[in-house]
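Enquirer: Below is one structure. I have some questions about it.
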Amino acid sequence: TEDFNAKYAIDEKRFWSFLEQSQEEEVEKLKRAPDWKLKVMERFHKMAKKYGVLRLLKKGLDVEDAHFTLLYQPPLASSGETVKERFKQNQFSVTRQVRYNLDNTREEIDMVIFLNGIPVATIELKNPWTGQNAKVHAIKQYKDDRDTKQPLLNFGRCLVHFAVDTDEVYMTTKLSGGSTFFLPFNKGHNHGKGNPPNSYGHKSAYLWQEVFTKESLANIIQHFVRFDVKAKDALSKRTLFFPRYHQMDVVRKIFGHA
């Protein structure tokens, strides 16, 4: 957890490791300045506040005469070895009990998923053994107990926030206190809500078995997550879309069939 920088909402260890291993030539362009790392972090912070991390993941980050790719896209069936090798350079990671709050350093979020040090999803976990569930307790925690003024929880700074228990999953792309609106991220069961029984584990196991794989996360960012309206509009006036499970599933099935 000490790798996470709450001010810039970034896992610094993974971020620098990815850049220095995958784009050494671009890094060398900046190293002549003693404060080059601070320049990169400040530029990242400024652009993320203005446009959100989705733009940075898709278009990269320019710092003076250096350009950094922040996500290597997953290869297609027809892609060459160079594309495949670049994708392997991405660093996917997950951190438990992330201390994200600059004002209350003991406050923690259960899990955060990072891509090259950039947070893409936060997760609050509940389970029936403690008498809590996602629909009530995890969502309430996001609404009432999480400080959205902190960089990690600013709109657009993280792509999605999940409330998860052993049976169900809910999500939102924008935390706004008591007015936060969560949508189900469930498979559905018998043409209704919830998830089907799972003989091999939790009903919500599909979340990490299908959605949180490396290829799946990169594919979601590349093809599914998007902002509405024009890029020149203020971030606060835009809407960030993350696919519902059934939307993602049906598109992938149609694409696979074609």
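The values are calculated or read from the model by the stated rules, or taken from the named source; none is laboratory data. Keep in mind the model is a prediction, meaning the values are calculated, not measured. Quick reminder, even Gly has a Cβ in these numbers, built from the backbone with ideal geometry, and neighbours come from all protein chains shown. Ligands, DNA and RNA are excluded from the accessible area calculation, which covers all protein heavy atoms including side chains. Shrake-Rupley method; radii C 1.70, N 1.55, O 1.52, S 1.80 Å.
Enquirer: How many residues, within the stretch 238-250, are open to solvent by less than 70 Å² (accessible area, probe 1.4 Å), in contact with a Phe, Trp or Tyr (Cβ under 9 Å, 6 or more places away or on another chain) and outside any loop (DSSP other than H, G, I, E, B)?
Expert: Number satisfying all stated conditions: 3.
Enquirer: Suppose the filter is at pLDDT 95 or above, among the aliphatic types (A, V, I, L, M), at negative phi and in contact with a strand residue (DSSP E or B) (Cβ under 6 Å, 6 or more places away or on another chain); does V63 pass it?
Expert: Answer is no for this residue.
Enquirer: Sticking with this one: Against the definition (over 20 Å from D145 (Cα atoms) and either surrounded by 13 or more Cβ atoms within 10 Å (Cβ to Cβ) or touching an Asp or Glu at 6+ places or on another chain (Cβ under 9 Å) (or both)), how does K88 come out, yes or no?
Expert: So K88 does not fit the description; no.
Enquirer: Looking at L76, is it within 23 Å of the chain's Cα centre (by Cα), open to solvent by 40 Å² or more (accessible area, probe 1.4 Å) and of a type in the set (A, V, I, L, M)?
Expert: yes
Enquirer: Have a look at T69, T95 and point out the one that is modelled with pLDDT of 95 or more, surrounded by 15 or more Cβ atoms within 10 Å (Cβ to Cβ), among the β-branched types (V, I, T) and under 21 Å from F212 (Cβ atoms).
Expert: Only one candidate qualifies: T95.
Enquirer: Considering only residues of the stretch 171-185 that are open to solvent by 20 Å² or more (accessible area, probe 1.4 Å) and farther than 22 Å from L102 by Cβ, which is nearest to the chain's Cα centre (by Cα)?
Expert: It comes out as T173.
Enquirer: Sticking with this structure for a sec: I need the full set of residues from the stretch 202-212 which are in contact with a helix residue (DSSP H, G or I) (Cβ under 9 Å, 6 or more places away or on another chain) and either aliphatic (A, V, I, L, M) or open to solvent by 40 Å² or more (accessible area, probe 1.4 Å) (or both), in order please.
Expert: Result: L207, E210, V211.
Enquirer: Another question, then. Only residues that are modelled with pLDDT under 95 and open to solvent by 90 Å² or more (accessible area, probe 1.4 Å): list them for the stretch 2-17, please.
Expert: E2
Enquirer: Pairs under 6 Å by beta carbon, first residue closer than 26 Å to E12 by Cβ in the stretch 131-157, partner open to solvent by 60 Å² or more (accessible area, probe 1.4 Å), six or more apart or different chains?
Expert: Close Cβ pairs (under 6 Å, with a partner that is open to solvent by 60 Å² or more (accessible area, probe 1.4 Å)) amount to F155/K174.
Enquirer: Taking the condition of being open to solvent by less than 30 Å² (accessible area, probe 1.4 Å) and either under 20 Å from F114 (Cα atoms) or among the acidic types (D, E) (or both), how many residues in the stretch 18-44 meet it?
Expert: Qualifying residue count, the stretch 18-44: 7.
Enquirer: Additional query: Taking into account only those residues within the stretch 220-237 that are touching a residue at least 60 places away in the same chain (Cβ under 8 Å), out of contact with any Lys or Arg (no Cβ under 8 Å at 6 or more places or on another chain) and not hydrophobic (A, V, I, L, M, F, W, C), which is most open to solvent (accessible area, probe 1.4 Å)?
Expert: Among them, the one singled out is R226.
Enquirer: Further question on the same structure: Among the residues of the stretch 119-164, which ones are part of a helix (DSSP H, G or I), closer than 24 Å to L102 by Cβ and among the small types (G, A, S)?
Expert: A138
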